[in-house]
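To keep things clear, I will list the structure first and then write my remarks on it.
The values are calculated or read from the model by the stated rules, or taken from the named source; none is laboratory data. The structure presented is a predicted model; accordingly, all values stated were derived computationally and were not measured. In this analysis, Cβ positions are derived from the backbone assuming ideal geometry, glycine residues included, and neighbour counts consider all displayed protein chains.
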Amino acid sequence: MKKLLKKHWPLILMGILLVVVSYYLIQGWHEILQGRILTDILPEEGIKLENISYTQTSPDEGVKWNLDAKEVKFSKDRQFISFSDFRLKLEPENRPSVELEGKRGDYDKNSGEINLHGDLQGYTNNGYKIITQHILYKQKEGFLRTEEPVKITGPFFSIAGRGLYFNLEKETLRIMSGVTTSIDSESFIL
């Protein structure tokens, strides 16, 4: 046995050295991989998620809303959310719901404001369609607002103009300026 060890000690030592080096390489590779995964999940600016559904229920404010988006980014403190390719459904208590689709938006939890941008199309469950480029939803006050050109079509009439104020609770709608209205003659009874 001593002859065998004396004769092959360099090979045995190289084998042990190879095992130790392999162990440290595997450990280092594993730590690098873990670090990369954590930075993908928790980047400096917060969390980024794909294909998400987010629900906000506010019994005090009487409005529930649901956001489905292709991509959502949360700020580090989780007070600011930005999203893209979305569908937002606002469901006021005992009132018609409004569903909005668009390209991008953001939600500020502190102010309760949702800003929506890009080829917005909105639908109410009582048959009206809203088309504009930007809408601001003020959750605490319960209204939708824009200064952009807007078009609303429904079963009885269509309205086009600039600027919109829509109070979800009181179900009041105002177009601010440049209003053009078309009334369906069959729905207009004298």
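At-a-glance table
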{"item": "Criterion (within 20 Å of the chain's Cα centre (by Cα) and of a type in the set (D, E, K, R)) met by exactly one of R104, R95", "result": "R104"}
{"item": "Members of segment 82-113 that are crowded, with 18+ Cβ neighbours inside 10 Å and in contact (Cβ under 8 Å) with a residue 60 or more places away in the chain", "result": "L90, P92, R95, V98"}
{"item": "Pairs where the first residue, in segment 129-142, is among the aliphatic types (A, V, I, L, M) and the second is crowded, with 20+ Cβ neighbours inside 10 Å, C-beta under 6 Å, 6+ apart", "result": "I130/G122; I130/I152; I135/L116; I135/L120; I135/L144; I135/T146"}
{"item": "Some residue of segment 64-71 being modelled with pLDDT under 80, more than 12 Å from the chain's Cα centre (by Cα) and not aromatic (F, W, Y)", "result": "no"}
{"item": "Which listed residue, of K64, K70, is over 26 Å from T172 (Cβ atoms) and free of Cβ contacts under 8 Å to residues at least 60 places away in the same chain", "result": "K70"}
{"item": "Candidates G127, G122, filtered to the one that is under 29 Å from G154 (Cβ atoms) and exposed (fewer than 14 other Cβ atoms within 10 Å of the Cβ)", "result": "G127"}
{"item": "T124 being at pLDDT 85 or above and in contact with a Pro (Cβ under 6 Å, 6 or more places away or on another chain)", "result": "yes"}
{"item": "Residue among S111, S75, S84 that alone is of a type in the set (G, A, S) and in contact with a Lys or Arg (Cβ under 7 Å, 6 or more places away or on another chain)", "result": "S84"}
